[in-house]
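So the structure is just underneath, and the comments pick up after that.
The values are calculated or read from the model by the stated rules, or taken from the named source; none is laboratory data. Bear in mind the structure is a predicted one, so any value in this text is a computation, not a measurement. Every residue, glycine among them, receives a Cβ derived from its backbone with ideal geometry; neighbour counts consider all protein chains shown. What goes into the accessible areas is simple: the full protein's heavy atoms, side chains included, and nothing from ligands, DNA or RNA. Shrake-Rupley method; radii C 1.70, N 1.55, O 1.52, S 1.80 Å.
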Amino acid sequence: MAQTSAHPNIVTPTEGFELTLDFLRARRAQNLSWMRLVEQSFSSMAALQRTTGASGDPLARLWSSQAAFVRDTASVYRSLTTHLAR
């Protein structure tokens, strides 16, 4: 036989769903923010390496490619999680 709880549900199922969506939206924003920070850091390192002249060119290219990779990854992540931003 089913028993009733002495404690009523504090969160209804729809409220729980909204809380989860809010969390996912906040997490998406945080992830995109971190990716932007990493991209800027890599770009800054590339610019710093370029100031050293010809000896810094290989490292500058490496840092630039890393920044491009993070930028492309963020773009894909942004497009895949667009439904959360609505």
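Below, the figures for the structure above:
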quantity	calculated
Count - residues of segment 39-84 that are under 15 Å from the mean Cα position of the chain (by Cα) and of a type in the set (K, R)	2
Test: L19 is modelled with pLDDT under 90 and part of a helix (DSSP H, G or I)	yes
Every pair of residues 6+ apart whose Cβ atoms lie under 7 Å, when the first sits in segment 62-81 and is more than 20 Å from R28 (Cβ to Cβ) while the second is part of a helix (DSSP H, G or I) and open to solvent by 40 Å² or more (accessible area, probe 1.4 Å)	W63/F42; W63/M45; Q66/F42; A67/F42; A67/S43
Residue in segment 23-41 that is farther than 15 Å from D72 by Cα, at pLDDT 90 or above and among the aromatic types (F, W, Y) present	yes
Members of segment 39-55 found to be farther than 19 Å from F69 by Cβ and either touching a residue at least 12 places away in the same chain (Cβ under 8 Å) or of a type outside the set (A, V, I, L, M, F, W, C) (or both), listed by number	T51, T52, G53, S55
In segment 48-78, the residues that are among the small types (G, A, S), out of contact with any Lys or Arg (no Cβ under 8 Å at 6 or more places or on another chain) and modelled with pLDDT under 95	G53, A54, S55
